[in-house]
Amino acid sequence: MRFFLDTANLYEIDHWREFGLVQGVTTNPALLAKEGGDALGRLKNICSMVAGPVSAEVTYQDHPSMIQQGLRLAGVAPNVVVKLPATIEGYRAAKVLGSRNVKRNITLTFVATQAIPFLMLNSPPVEYVSAICGRPEDFGVVSLEASYLKATIDRLSKVTQLLAASIRTSVQLASVIPYADVVTVPPSTWRTLFANPMTLQGENDFLNAWRELPAEWRTS
Ligand code: G3P
């Protein structure tokens with residue numbers, strides 16, 4: 001299982017590398033827009049910082065434009081994976097881009113059955129299907145069962161990897177670990193996990209107790 005970082009921020013990529021949590025990067029148009037500046041130049045920089053796959057999403061809704069843009073994105077670096085939405089136009093673009101040896105990540109998948117047509121593509125099979133976990137829960141809707149998507153992938157493809165995405169909380173992260181081949185996590189989620197108030201409080205409690213010992217009785 002691998003961990004990707006869901007960000008377009010170069011500082012975050014550099015920061016989280018040390019923790020082994022940047023085996024790849026996923027971006028989307030909103031993440032790139034948030035950083036401002038030249039998006040393609042930024043993508044190039046990300047690709048040079050990361051040895052693993054870097055997902056970059058198309059910004060058109062018709063397949064001829066998706067294909068053209070997908071080829072352009074794939075030309076940025078050999079580790080680019082083109083992200084396409086799980087729509088009819090996304091399907092048409094995925095088919096053509098696959099035949100041109102472009103790696104694909106099918107995104108905005110909210111139920112396992114949406115992945116079926118994409119899993120039937122076999123020349124070549126798509127590299128990733130992204131299960132979007134946090135977004136439905138933002139609106140009070142229970143998110144997709146990663147186990148159903150994993151079972152669907154295993155029945156139909158065996159090659160395609162389940163990429164769990166949009167991971168906002170520790171509960172969402174824990175729920176996908178048994179099934180995901182890759183989990184892409186935003187820096188904010190890792191930051192929250194490292195700042196668990198019970199961990200910080202416990203650390204303080206223990207140190208306060210320790211400091212009550214006379215200095216000569218404390219191990220250094
Ligand atoms: O890579 C996953 C990402 O596209 C999901 O976006 O906005 O739901 O965190 P978001």
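The values are calculated or read from the model by the stated rules, or taken from the named source; none is laboratory data. All values reported here derive from a predicted model rather than from experimental measurement. Cβ: placed from backbone, ideal geometry, glycine included. Neighbour counts: every protein chain shown.
Residues checked against (1) surrounded by 14 or more Cβ atoms within 10 Å (Cβ to Cβ); (2) farther than 18 Å from Leu163 by Cα; (3) more than 19 Å from the chain's Cα centre (by Cα):
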{"position": "Gly41", "(1), (2), (3)": "no, yes, yes"}
{"position": "Pro53", "(1), (2), (3)": "yes, no, no"}
{"position": "Pro64", "(1), (2), (3)": "no, yes, yes"}
{"position": "Glu89", "(1), (2), (3)": "yes, yes, yes"}
{"position": "Val96", "(1), (2), (3)": "yes, yes, yes"}
{"position": "Ser99", "(1), (2), (3)": "no, yes, yes"}
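The residues of the range 155-188 that are among the charged types (D, E, K, R), away from the ligand (no atom under 16 Å from the Cβ) and at negative phi amount to a single one, Arg155. If Pro85 passes every condition in (1) more than 16 Å from the ligand (Cβ to nearest atom); (2) buried (at least 19 other Cβ atoms within 10 Å of the Cβ) but one, which one does it miss? The one condition Pro85 does not meet is (1).
Looking across the range 177-220, just one residue is modelled with pLDDT under 95, surrounded by 10 or more Cβ atoms within 10 Å (Cβ to Cβ) and part of a helix (DSSP H, G or I), and that is Trp210. For the range 52-82, a residue qualifies if it is of a type in the set (A, V, I, L, M, F, W, C) and either within 15 Å of the ligand (Cβ to nearest atom) or out of contact with any Phe, Trp or Tyr (no Cβ under 7 Å at 6 or more places or on another chain) (or both), and the qualifying residues are Val54, Ala56, Val58, Ile67, Leu71, Leu73, Ala74, Val76, Ala77, Val80, Val81, Val82.
Taking the range 88-114 as the range and being without any contact (Cβ under 8 Å) to a residue 40 or more places away in the chain and within 16 Å of the ligand (Cβ to nearest atom) as the test, the residues that pass are Gly90, Arg104, Ile106, Leu108, Phe110, Val111, Gln114. Quick check, is Thr26 over 21 Å from Ala115 (Cα atoms), among the polar types (S, T, N, Q), touching a residue at least 24 places away in the same chain (Cβ under 8 Å) and within 13 Å of the ligand (Cβ to nearest atom)? Taking the combined requirement at face value, the residue does not satisfy it. Among residues that are under 27 Å from Asn79 (Cα atoms), acidic (Asp, Glu) and within 16 Å of the ligand (Cβ to nearest atom), Glu137 is not included.
Here the condition is being in a loop (DSSP other than H, G, I, E, B), at pLDDT 95 or above and farther than 18 Å from Ser130 by Cβ; of Ala33, Ala77, Ala8, it holds for Ala77 alone.
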